[in-house]
Amino acid sequence: MPFTFKQFHIDDSHCGMLVSTDAVLLGAWAQLSTANTILDIGSGSGVLTLMAAQRTKASATIMAIELDAKAYEDSQKNIANSPWPQKITLLNTSIQQYCLTAPAHNQFDHIICNPPFFNHGPQTTHTARANARHTNTLTFKELLDAIKQCLAPLGLASIIIPHTSEAEFMQALSQAGLQVSHNIAVSSVQGKPPNRLLLALTHANHNKAVITGSLYIRDKQGQYSAEMINLCQEFYLKL
């Protein structure tokens, strides 16, 4: 369903993955403000692309890549109707194909991705939604290999994954030659176990300690936490 933010509107009517709290949290948390070049892998409706456009300086440029043709069409319209179409290049392709054809020097200060993360269990018969949620078209290994190739030497990549996928993801991460710089455990409700991880990744030659932390989205009364409000108040209309 369409979703209106403070500075832009998202119509995700044809997308397999609709606008979610995960995406908004990632787009608000990622350290994007100083990045000059940004890559959004699997842009879907364009919500992360447009959050990045809002958060970065006017001279920043954003490359958004989306494989699904219908999601690409939604993203095209959302970008065209936003305040920042001149900052954004949108490609209808896979990240694997992009990596095959992109110049070797074409690297980005920041990469952002809300990836498909289920590799087992039942799948919906809605193909676009199944591909958006499951690793049918983009495995962790393929994603991390792409990040390794496209990330500038001092760049950051920001992603969000289920807490239950941490072990599998970390194994793929070590094989890709990347490492975690920030690891934030996210709980949906105060006092509940974490169900998501916000991760910032760098190339593996950075010998820095991992910054860890936690946050919860809603308190026990169902209200947004102070940290969630602080992160998302530039986007959500009611904050």
Given the DSSP H assignment, sum -39500 (n - 2.57) over each helix run of at least 4 residues in the chain and divide by its residue total; what's the result at 222 nm in deg cm²/dmol, nearest 500? -8500 deg cm²/dmol
Gained length - Ser225 relative to Ser174, 0.36 nm times residue gap less alpha-carbon distance: 15.0 nm
What accessible area, in Å² to the nearest ten, does a 1.4 Å probe give for Arg55? 70
Just to make sure I understand: if all protein chains stay in place, what is the order of Leu154, Leu144, Leu237 by accessible area at 1.4 Å, largest first? Leu154, Leu237, Leu144
Expected field for Thr137, accessible surface area in Å² at 1.4 Å probe radius, rounded to 10, holds 50
Where does each of Cys150, Cys99 land when they are ordered by accessible area, with a 1.4 Å probe and the largest first? Cys99, Cys150
Rounded if a/c is under 1.5, else prolate if a/b beats b/c, else oblate: with a ≥ b ≥ c from the C-alpha gyration tensor eigenvalues square-rooted, which is the stretch 136-239? prolate
With every protein chain kept in place and a 1.4 Å probe, the chain has an accessible area per residue in Å² of 47
Counting only other residues whose beta carbon sits under 13 Å from that of Ser94, what net charge do I get with K and R as +1, D and E as -1? -4
Whole Å is fine, so just give me how far the alpha carbon centre of the stretch 62-84 lies from that of the stretch 139-181. 24
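Give the Kirkwood hydrodynamic radius (Å, one decimal) of the chain, defined as one over the mean of 1/r across all pairs of different Cα atoms. Please list the in-between numbers first.
Working: mean 1/r = 0.0556 Å⁻¹.
Taking every pair of different Cα atoms in the chain, averaging 1/r and inverting gives 18.0 Å.
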Carbon/sulfur fraction of accessible area - the chain, other protein chains in place, 1.4 Å, %: 53
Take every Cα pair under 8 Å in the stretch 3-80 that's 6+ residues apart, average their separations, divide by the length, and report that relative contact order as a whole percent. 36
With every protein chain present, what accessible area does Lys57 have (1.4 Å probe, heavy atoms only), rounded to the nearest 10 Å²? 90
Among Lys87/Lys148; Lys141/Lys220; Lys77/Lys238, the pairs whose Cα-Cα distance exceeds 31 Å are Lys141/Lys220
Relative contact order (percent) for the chain, with alpha-carbon contacts under 8 angstrom and 6 or more residues of separation? 18
Proximal charge balance of Lys77 [Cβ under 12 Å; K/R count +1, D/E count -1]: -3
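The values are calculated or read from the model by the stated rules, or taken from the named source; none is laboratory data. Remember, predicted model here, so these are calculated numbers, not experimental data. Reconstructed Cβ throughout: ideal geometry from the backbone, glycine too, with neighbour counts over all protein chains shown. All accessible areas refer to the heavy atoms of the entire protein, side chains included, with ligands and DNA or RNA removed. Shrake-Rupley method; radii C 1.70, N 1.55, O 1.52, S 1.80 Å.
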